[in-house]
Structures are given as C-alpha cells and as structure tokens.
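The values are calculated or read from the model by the stated rules, or taken from the named source; none is laboratory data. Since this is a predicted model, take the numbers as computed values, not measurements. Heads up, the Cβs are rebuilt from the backbone with ideal geometry, glycines too, and the neighbour counts pull from every protein chain shown.
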Amino acid sequence: MNIKDLKSKKTPIVVIDNSLDFFNDKVLFPEKLEKANTMLRKIGLPKLKNSCS
Amino acid sequence: MNIEKYPLKSGEKLEVFEFVSEGPKGRITKIVQYAPTNYKGLYNLGFGDKNAETGFIDDIAISNNGDSEKVLATVVATLYAFTDKHKEALIYATGSTKSRTRLYRMGITKYIDEALSDFYVWGEINDDWEEFRKDVEYLGFFVQRKTN
C-alpha cells in the first residue's frame, strides 16, 4: 500500500494507546446512553437491512 | 472521504477514541465512545471534550476551535474503525442538545452520499424510524455497516 492508497482509505490508522483502556466499561456520556435506552424502549430499532442482524 | 482528519488513538477494544483538535482556542482533547446499550450489539455514540487538567468530560461545550469540519470527519473516521472491528454493531447517535443534534444532521447530510456506500442510515422522527433524508430534522440517528 502506498501513501496515496493510505490517504484514500476510509478506515483510519488508529494508534493503540493502552491508557485509553482505562475508559473501557466506564460510561463517559451517561445522559446520552440513557437517551439511547429510552429510544429503545419507546420505538425500538429500524427495520434492519443486513440479513445477519 | 478525503477531508482532512486528526490522528486517532484508541484502546485495544476500539470502543474509546481520542484525538486533539487544534485551532485558535488551542489544543482541545476530544473523546469518542461507543458504549453498549441495553440491546445487545447496539452501541451509543458519545462525543465530547476532555479537560486536560481535570479529565472531566463535557459533551455540552462548544469549543469553536474553527475546525468543526475536520472534527466531524474524524468522528466519522472512528465509525469506520469501530465497525471494522465490531462488524455486526449497530450505532445510535443523538446530540446532547438540539443544536448539537442539528450539527450531527448537517454533518451526516454532508457525507451521506459517500456514507451510503458503506452504511445504512436512518433518522428518528415522530417516534419512528425512516431512511435518512436530507433537510429533515431528526431527534437521533441509527447506523448499520453494510456487509460486503
């Protein structure tokens, strides 16, 4: 893969920083998560397209 | 998506991402988290600023660092990275405020034509879902990666 390929690639290069594992299993945005769970209770999911889901 | 993005860092699970916005207001650390919801496989996208001194995370702050397009492109990039690792994941996103939700909608509108080659996108309206349409005010957004 050359530089041009890298630049046009949609998936970004992500540097792994283990210090960020500190946040795993911590809810950093509790109000937004609550909004999501409320949405789930009220209206559920859209009709999904991928057959595997 | 050839818009400039910030370099990304993440933990091993690729569920929490960090990048640094640079602009007239200085360097502002941004955090993106994909947090599991009560529905297995559905994650909530959270996004906000991290205070470098206190570590406090604020999803209300408007940093006005003159780089909103680059920031938005970087958040979209996390969506690719996250769904590359979590291929079956479903993602819900809504803004912390009405204006933030509007900002998300404008961002999605900007990238929708390209995004539709990789994702299904729905908008939340009137307690229901519809396939995302431009210029409709949605309460939230739902994203599913297309399988190839």
Determine which single condition B:Asp135 fails, assuming it passes every other condition in (1) loosely packed, with under 15 Cβ neighbours inside 10 Å; (2) more than 9 Å from every other protein chain (Cβ to nearest Cβ); (3) touching a helix residue (DSSP H, G or I) at 6+ places or on another chain (Cβ under 8 Å); (4) within 24 Å of A:Glu34 (Cα to Cα).
(4)
Output the residue which, of all residues in region B:129-148 that are among the aliphatic types (A, V, I, L, M) and in a loop (DSSP other than H, G, I, E, B), is farthest from B:Glu114 (Cα to Cα).
B:Leu139
Give B:Gly55, B:Gly46, B:Gly66 a once-over and let me know the one that is touching a Leu at 6+ places or on another chain (Cβ under 9 Å) and within 20 Å of B:Leu8 (Cα to Cα).
B:Gly46
Restricting the search to region B:95-132, which residues are touching a residue at least 24 places away in the same chain (Cβ under 8 Å), more than 20 Å from A:Asn37 (Cβ to Cβ) and touching a strand residue (DSSP E or B) at 6+ places or on another chain (Cβ under 8 Å)?
B:Arg105, B:Ile108, B:Ala115, B:Asp118, B:Phe119, B:Tyr120, B:Phe132
Filter region B:15-58 for residues that are touching a residue at least 40 places away in the same chain (Cβ under 8 Å) and more than 10 Å from every other protein chain (Cβ to nearest Cβ) and give the result.
B:Ser21, B:Glu22, B:Gly23, B:Pro24, B:Lys25, B:Lys30, B:Tyr34
Of everything in region B:17-67, what is under 18 Å from B:Gly95 (Cα atoms) and among the hydroxyl-bearing types (Ser, Thr, Tyr)? Give them in sequence order.
B:Tyr34, B:Thr37, B:Tyr43, B:Ser63
Hey, does region B:82-103 have a residue that's buried (at least 17 other Cβ atoms within 10 Å of the Cβ), of a type in the set (Ser, Thr, Tyr), within 11 Å of chain A (Cβ to nearest Cβ) and part of a strand (DSSP E or B)?
yes
Residue list for region B:15-55, filter: under 14 Å from the mean Cα position of the chain (by Cα) and aliphatic (A, V, I, L, M):
B:Val16, B:Ile31, B:Val32, B:Ala35, B:Leu45
Members of region B:1-59 found to be crowded, with 21+ Cβ neighbours inside 10 Å and modelled with pLDDT under 90, listed by number
none
